[in-house]
Structures are given as structure tokens and as C-alpha cells.
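Below is one structure, written out as C-alpha cells, with a few remarks after it.
What follows is calculated from the coordinates using simple rules that are stated; it is not laboratory data. Being a predicted model, the structure only gives us computed values, none of them experimental. Positions of Cβ are generated from backbone atoms using ideal geometry, with glycine treated the same way; all protein chains shown enter the neighbour counts.
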Amino acid sequence: TAIADAFGDRGYIAQIYIPDSVTSIEDGAFSGCTRLTSVRLPAGVTSIGDSAFSGCTGLTSVSIPEGVTSIGSSAFYGCSKLTSVTIPNGVTSISSEAFRGCTGLTSITFAEGSQLTSIGDRAFYDCTGLTSITFAEGSQLTSIGDRAFYDCTGLTTITIPEGVTSIGNYAFDDCTKLTSVTIPDSVTSIGSGAFNSCTGLTSITGSSYACSTIAKQCGSSSYNVEIASGDSIGEYAFYNCVGLTTVTFAEGSQLTSIEDSAFCRCTGLTSITIPGSVTFISGRAFYSCTGLTSITIPEGVTSIGDSAFSGCTGLTTITIPEGVTSIQGYAFSGCNRLTSVTIPEGVTSIRGYAFYNCNRLTSVTIPDSVTSIEGRAFRDCNGLTEIHYGGTKYQWYAIGKGYAWNDGTGNYTVYCTDGIISK
């Protein structure tokens, strides 16, 4: 049997007994019963209809039976005194706005063995008191709808369960106290503005895609990122993420490339340890990361792209591995706190403007494998006093040197294996 819209808007009802024979709470059944404080639903109930308890502003507790499989749209909309809810394992979907405006709700627990696959649009919208969400181990959840947790301003941490593939538009928008978020590898779609205005975020963990998407949305002034998976950091992934301070990678990272402008203009970035699996750092990858003071490039890297570290004005030390064969144009231009550079054996060319305007650079070590130094490679390195060359004077003269390669440098001395050469 079912209870239909027989008690809707009966504001004087404070208590109600529902017989065990009832299997369905129909749409609007107790809607607007503002004095109703608690409800015991019989074990045989399998569905709770749309707006079944909406506007029951006095309701403080409700026990949802294990047999319930669906919770309808707006089922508990505006039950502002409801403090906690446990979703039984038989529920497969929570419809739109089911718990919207339950401002007193502090916790949501999904029962062990939960079969829930979707959380509908605006399901927990404006649940401002919500501080924790506990997903069941082995969760079957695959999607979180648009604005599902919008304006849950009390929420401090969220771990999305493995298996979720999509997070809807504005799903966690305006969760201003959210400090950490962990996203599984299974998530392939994060909607527009999903984490907008999450200004309290300090920690983001997930794939390269998830981390970069959230970083661009959240608006936090200072946060760390742990990249748990992915073989590349894509073009413009963290572009202009000025709040990004630290980037770490999970143990066993399989990252192989950092693409064009991946961390360009991340002016707050102070620390990044590039995994040993990386072989390629593309152009402008760390352009104008003015907060970086040191960086170690892994042994497997063979190419450093155009302007890769250009404008990193805080950079004082750089370690270039022996696998690198070419230093591209403008690679370290404008790194005006760099004082010394050792170019490893195996590098054959130093491209144009590679160290342009590194005006505190005093010492450069160049191996005898270098066959060309292109135009303006060391232009305006006006502090340069020493070049330590790994070959003879004859070999130094034999290096192809482009136009004005040393224009504006200091009065350096080249120390060769068989003597010295003055500028």
C-alpha cells in the first residue's frame, strides 16, 4: 500500500504512525508538515516520492529503511533541522534537490555495500552545515550531478570514490571551507565551475587532468598539488595558477613530458621535483615562475624547449643532466639570479638568447662537445667573468659562434685545457 498526498500542508501534525503494510511514500505525502519532528518508516517501504517530506522544517531525524531503492526529487527539501542522514545500501539514485536546503545537516553516510550510482542535480544544494561525507567502501557511484553540493560552506574535505567518472557543473561551487580534495583516476570529466570559489583549498590530489582543472577553478591563494597519475602535463595545464606553491608526484610516477606552457606564470610556485621518468620539457613550460629558486632536471631529459625557464627571476641554481643535447633559444633568458651554469657533456648547441640577460651569471662551464653557440646566446650577461671550456684553444676558436653571441658580457676569460683566452 501507499501513503498519498493525504497529509500535505497539515502544519498542526506533530506525530504520525505509518503502518508496516505501507511500501511507498507517494509524492507530497507529508509536504509542509512543519511541526513533524520525527518519522519512522516501516521496513517494507521501497520508495520515497517527490517532495514527500519537503518543507518539514521541524523534522530532526528520519530513518530510511534498507529496502528503499529511490529517493525522489525534493523529498526532504527544506528540512532545515535534519542533522544527519544514512543512505541505505539499496538506494541506487538520489534525485534532484532531494536534500536541498537541509541547512542543519552535518553528515551524510552511505551504508556499506551501497549500490548508489548517481547523485542528482542540486541534491545537497545549500546544506551549509554539512561538514563530512562518508562514501561506502567499494562504492558504485559513477556520477555527481550539477550543483550537487553547491554552497555547502561547512564542508572541509572530500574524497571522491574510485569509479566516479563525472563531476557535474558547479558541483562543489562556493564550498569556501573545503581545504582538501582527492579525485580518483576514474574521473574523466569535471564540469564547468565544479570547484569555483573553493577559496580555502590547500591540497589537491588526483590525475594531472583533475589537479589542473580544479587549480584553475578554485581561486585559492595558496595550495599544493600531488599529481597521482598521467603520462604528461598538458599544454597550459596550470597556466597562470598563481596560488600554486608546491607540486609533488606520486611514487612510481610514469610522467614522460611537461608540455608547452604547462606551468607558465605560476608565480607562487616555489618547489617542484620533476620525476625521473620525464624525458621532455617543452617550450615555456616554467616561463615566468618567479618564485622558483632551484630545479633539478632528471637524467632522462634530452631536450629543454624554447623559453622553458625564461623569466624565472628567483632561480639561483640549475642542474642540467648529461642526456641533454640541445639548449633551445631563450631557455634560461632573464634568470637574473643565476650565478653559475654547467652545461653537460653531450650538448652540441646552445641556441640563440639561451642565457640572454642573466646579468648575475659570473661563471659558465662549456664542454668540448659544443659545436655551435648561436647569436646572442649570452647577450647582456654583464657579470660574466669566467668561461671554463673542456677543450683546447683551437677547439674553442673552431666553435661556430653566431652574431653578437657575447654582446654586452663582462670581460671574461676563457680557460681552455691548454691555456687561456681573453675576451
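The table for this structure:
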quantity	calculated
Integer Hz, Karplus 6.51/-1.76/1.60 couplings in order for region 80-92, x for Gly and Pro	6, 9, 5, 9, 8, 8, 10, 8, x, 5, x, 5, 9
Sparsely packed GluC sites (Glu not before Pro) within region 219-264, loop by DSSP, other Cβ within 10 Å at most 12	GLU251
Relative contact order computed over the chain (Cα-Cα under 8 Å; 6+ residues apart), in percent	6
Selection of GluC sites (Glu not before Pro), region 85-140, meeting DSSP coil and at most 15 other Cβ within 10 Å	GLU112, GLU137
Euclidean distance of C-alpha centroids, region 268-318 and region 64-96, integer Å	50
Amide H partners (placed H, <5 Å) of LEU82, local residues excluded	GLY104
Separation of the GLU345 and GLN395 label points, Cα + 7 Å toward Cβ, nm	1.0
Residues in region 240-261 reached by a label modelled at GLU299 [backbone nitrogen below 18 Å; 7 Å Cα→Cβ]	252-256
Mean-position separation - Cα centroids, region 133-201 and region 210-244, in angstrom	16
Shape of region 62-109, Cα gyration tensor, a/c cut at 1.5	oblate
Ellipticity estimate at 222 nm from DSSP helix runs (n ≥ 4, -39,500 (n - 2.57)) divided over the chain, nearest 500	-1000 deg cm²/dmol
Cross-link partners of LYS216 among lysines (Cα-Cα below 26 Å; sequence separation of 8 or more within a chain)	LYS177
Partners for LYS423 among lysines (Cα-Cα distance below 18 Å; same-chain residues under 8 apart left out)	LYS393, LYS401
Relative packing of 354-361, 200-207, which averages over residues the other C-beta atoms within 10 Å, highest first	354-361, 200-207
Sites THR106 and THR142, calculated FRET efficiency, Cβ-Cβ separation with R0 30 Å, nearest 0.05	0.70
Net length gained if the chain between SER372 and ASN240 were fully extended (0.36 nm per residue, minus Cα distance)	44.1 nm
Helix axis angle, 208-218 relative to the chain longest principal axis, alpha carbon, degrees	70
In sequence order, calculated HN-Hα J values of region 93-101 (Karplus, 6.51, -1.76, 1.60; Hz; x Gly/Pro)	8, 10, 6, 4, 6, 4, 10, 4, x
